[in-house]
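Shown next, in structure tokens, is the structure this report addresses.
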Amino acid sequence: MSDNNERPYSSWASRCYFKGKIPKEITIEYTPWLPYDEDKLTYYGKSKFYPEEKPFTIYYNPNDEQVSEERWVDEGVTRRQEALDALPESSWRTFTIKPKQILEKYRWKSPEGRPIGIVIPIGNSAIIYPSIYPYNKDKVLTIEMFLDENDNLTIDEHFKWEDEYSKNMPMN
């Protein structure tokens, strides 16, 4: 979703990169939270964007005091974290991912498409050819988790080449 107002909940995102030893499991702790607009207004305050010749934004904390962007963000993060810390233990849920089991599903498999092979720079552009030896190229497995408005957690897995070749790329 491109517009922040469409998000049913605020999102807390993180990434894990494994180089070397992969853990047996990762436990994620989560809780349902406020709708995005309510969260922003409650913990950060308001912001008003002026799209004039030289665009600028004015920030107001929840007490309607005008503050700098840095202070607006710092105080908003602090207020939200204090509210999260005050939630009872019973409101938190956990979900465990077993990376080794997930990776095993993709062992000896290749993603769809072809990875980039040779890139020949020419000025500000380049000629790009697909890889002749795709099995030597890096693959990426992305696991996305979504919490819907009914507090159900769903998981999507995306397996792709790190640098995927596209037919829309310039070729000689």
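The values are calculated or read from the model by the stated rules, or taken from the named source; none is laboratory data. Worth saying up front: this structure is predicted, and the values here are computed from it rather than measured. Note that each Cβ is placed from the backbone with ideal geometry, even for glycine, and that neighbours are counted across all protein chains shown. The protein model used for the area step is the full one, side chains on, heavy atoms only, and it has no ligands, DNA or RNA in it. Shrake-Rupley method; radii C 1.70, N 1.55, O 1.52, S 1.80 Å.
Can you tell me which condition Ala126 does not meet? The list is (1) closer than 29 Å to Lys160 by Cβ; (2) open to solvent by 70 Å² or more (accessible area, probe 1.4 Å), and all the others hold.
The single condition Ala126 does not satisfy is (2).
This table checks each residue for (1) touching a residue at least 60 places away in the same chain (Cβ under 8 Å); (2) farther than 22 Å from His158 by Cα.
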{"residue": "Thr27", "(1), (2)": "yes, no"}
{"residue": "Thr57", "(1), (2)": "no, yes"}
{"residue": "Thr96", "(1), (2)": "yes, no"}
{"residue": "Lys105", "(1), (2)": "no, no"}
{"residue": "Ile118", "(1), (2)": "no, yes"}
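Quick one: would you say Trp92 is touching a helix residue (DSSP H, G or I) at 6+ places or on another chain (Cβ under 7 Å) and at pLDDT 85 or above?
Spelling it out, it is not the case that Trp92 is touching a helix residue (DSSP H, G or I) at 6+ places or on another chain (Cβ under 7 Å) and at pLDDT 85 or above.
If I ask for residues that are farther than 19 Å from Leu147 by Cα, loosely packed, with under 10 Cβ neighbours inside 10 Å and within 21 Å of the chain's Cα centre (by Cα), which ones from segment 74-108 would you list?
Hits for segment 74-108: nothing passes.
Return yes when Phe159 is touching a Phe, Trp or Tyr at 6+ places or on another chain (Cβ under 7 Å), surrounded by 10 or more Cβ atoms within 10 Å (Cβ to Cβ) and of a type in the set (Phe, Trp, Tyr) and no when it is not.
yes
Just checking, does segment 35-57 include any residue being assigned to a helix (DSSP H, G or I), touching a helix residue (DSSP H, G or I) at 6+ places or on another chain (Cβ under 9 Å) and open to solvent by 70 Å² or more (accessible area, probe 1.4 Å)?
Scanning segment 35-57 turns up at least one residue that is assigned to a helix (DSSP H, G or I), touching a helix residue (DSSP H, G or I) at 6+ places or on another chain (Cβ under 9 Å) and open to solvent by 70 Å² or more (accessible area, probe 1.4 Å).
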